[in-house]
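Q: Quick one: the structure is below, questions incoming.
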Amino acid sequence: MIRPHYLVTGGAGFVGSHLAAALLARGDDVTVYDDLSTGHRAAVPPGARLVVADLADTAALEAVLAATRFDAVFHFAALSLVGDSMQHPLHYLRTNIGNGLALIDACVRHRVPRFVLSSTAALFGRPSDGPIDEEAPVEPGSPYGESKAALERALLWAGRVHGLRAAVLRYFNAAGADPDGHLGEDHRPETHLIPLVIDAALGRRPEIAVFGTDYPTPDGTCIRDYIHVSDLADAHLRALARLDLGSVTYNLGNGAGHSVLEVIRAVERVGGRQVPVRLAERRLGDPARLVAASDRIRGETGWAPRHAALDTIVAHAWAWRAAHPLGYTG
Ligand code: UDP
């Protein structure tokens, strides 16, 4: 039997590397396409083929798609920081939309039948007290969110006109690390809450700054829905299978919100150390509360998070970070 072969753009990054590992673990072939601008060669799981190239390099992209008949493309490669996008809006829009459109167009021309897009909760700029489902209005609060909204729309038309089947997965806060300890989170610079709090606990940074303490939440700090990266990878496999029945859009989170102070307390519990905290100003563009309603993917694919507890997510992140003081270069 011919094994399925998948193209994973951004497969040297945090979520992409975990998905590549999950595909390889079930015996599929994987080609990772990554320019290594933020990803790491060492994050590409053994067994995957790595093409080091920029998505904007259309000749390189053409060559890859012409040489192999892929069963699906998973598109992770993108600029992904909300705050950064508020500083460089046009760079974000041009890079993410330009590269994404080039990839979708190439998939259509090379008759790739299925496409899985990493999208984001940053589509939802309007404050919401309850869990956010797929019907919530798409009103991005940042150019980053806007760039993903544009690609969601492009996929709609690629599906209607050309028959490309797409799964759009809107992640809330990806966190944790591979429970086996092979893969983890290594952003340069790191801006995400959980790894930064762990570094503060380990004494690798002087403190954690809490961005805003006057939000309309029970303890005044922002609430987010932290989802384990391995559960995200599993959701990709299930969404891919569901494409047999047609295109889908899923919001992906645990469905439980945790405040910044709760995350800090979880790190203290897991690590058995105190975290030095500094209360600071709000960060531009942060909504008070983002929690997912993931009923649709649960109902349609049977997906359920296996590592839903915040302490488990933190424990896996801690294990990887403690063992890799220099990240993937260590
Ligand atoms: N945050 C914080 N201090 C930090 C980094 C993040 O208080 O040094 C807060 C941030 O304001 C947000 C939450 O932690 O409310 C999660 O931020 P992160 O950057 O991890 O993810 P985002 O929600 O922006 O995707």
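Since every read-out is calculated from the coordinates, none of them should be taken as a lab result. These numbers were taken from a predicted model, which means no experiment stands behind them. Cβ placement follows ideal geometry from the backbone for every residue including glycine, while neighbour counts extend to all protein chains displayed.
Q: So what are the chain's ellipsoid semi-axes, whole angstrom, largest first, if each one is the square root of 5 times an eigenvalue of the alpha-carbon gyration tensor? The partial results should precede the final answer.
A: Working: eigenvalues 194, 97, 69 Å².
Equivalent ellipsoid semi-axes, largest first: 31, 22, 19 Å.
Q: Can you tell me the convex hull volume per residue for region 107-254, based on C-alpha atoms, in Å³ to the nearest whole number?
A: On the way: hull volume 23.0 nm³, N = 148.
Convex hull of Cα atoms, per residue: 156 Å³.
Q: At what distance in angstrom do the alpha carbon centres of region 261-323 and region 21-95 lie from each other?
A: Between the Cα centres of region 261-323 and region 21-95 lies a distance of 26 Å.
Q: Taking θ = phi - 60°, what integer Hz values does the Karplus form 6.51 cos²θ - 1.76 cosθ + 1.60 yield along region 127-138, in sequence order, with x for Gly and Pro?
A: Working through the residues one at a time gives x, 9, 7, x, x, 9, 9, 5, 8, 4, x, 7 Hz.
Q: Treat each spin label as a single point 7 Å out from the Cα along the C-beta direction, and report the I2 to R282 distance in nm.
A: Inter-label distance under the simple model: 5.5 nm.
Q: Another question about this same structure. Peptides 135-142, 197-204: what's the order by average Cβ count within 10 Å, highest mean first?
A: Numbers: 135-142: 16.1, 197-204: 19.5.
Sorting 135-142, 197-204 by mean packing, highest first, produces 197-204, 135-142.
Q: Compute the projected area of the convex hull of the Cα atoms of region 199-330, averaged over all viewing directions, and report it in nm² to one decimal place.
A: Working: hull surface 39.2 nm².
Averaged projected area of region 199-330's Cα convex hull equals 9.8 nm².
Q: Would you list the P(r) distribution for region 59-154, with all Cα-Cα distances sorted into 5 Å bins from 0 and each bin expressed as a whole %?
A: In whole percents, the pair-distance histogram is 2, 13, 22, 20, 16, 13, 8, 4, 1, 0.
Q: Further question: Going by how many other beta carbons lie within 10 Å of each one, how would you line up E185, E262, E62, E281, fewest first? Kindly include the intermediate steps, with their values, before the conclusion.
A: Numbers: E185 26, E262 17, E62 14, E281 11.
Starting with the residue having the fewest Cβ neighbours, the order is E281, E62, E262, E185.
Q: For the chain, what does the helix formula give at 222 nm: sum of -39500 (n - 2.57) over DSSP H segments with n ≥ 4, over the residue count, nearest 500 deg cm²/dmol? Don't jump to the answer; show the numbers that get you there.
A: Values: 11 runs with 120 residues, N = 330.
So the helix-based figure for the chain works out to -11000 deg cm²/dmol.
Q: May I pose another question? What residues qualify as long-range amide H neighbours of I227, i.e. H under 5 Å apart, gap of 5 or more or another chain, H built at 1.01 Å from N?
A: Correct list: N173, A174, A175.
Q: Let me ask something additional. Hey, could you get me the Stokes-Einstein D for region 213-286, Kirkwood radius over alpha-carbon pairs, 10 °C and 1.306 mPa s, rounded to whole µm² s⁻¹?
A: Values: Rh = 15.2 Å.
Here the translational diffusion coefficient equals 105 µm²/s.
Q: Moving on. In the chain, what percentage of the DSSP-assigned beta bridges are antiparallel, given to the nearest 5? Working shown, then result.
A: On the way: 2 of 41 bridges.
Close to 5 percent.
Q: Distances over 14 Å make up what percent of all Cα-Cα pairs in region 123-166?
A: Values: 525 of 946 pairs.
It works out to 55 percent of all Cα pairs.
Q: Here's another thing I want to ask about it. As an exercise, use a Förster radius of 25 Å and the Cβ-Cβ distance of H162 and D57 to find the FRET efficiency, rounded to the nearest 0.05.
A: On the way: r = 23 Å, r/R0 = 0.93.
The value I calculate is 0.60.
Q: Next up: Averaging over every viewing direction, what projected area does the convex hull of the Cα atoms of region 1-110 cover, in nm²?
A: On the way: hull surface 27.5 nm².
Computed as one quarter of the Cα hull surface, the answer is 6.9 nm².
Q: Follow-up question, since we're still on this one. Report Rg(Cα)/(2.2 N^0.38 Å) for region 169-273, keeping two decimals. Intermediate results must be reported in sequence, preceding the final value.
A: On the way: Rg = 16.0 Å, N = 105, 2.2 N^0.38 = 12.9 Å.
Computed over Cα atoms of region 169-273, the ratio equals 1.24.
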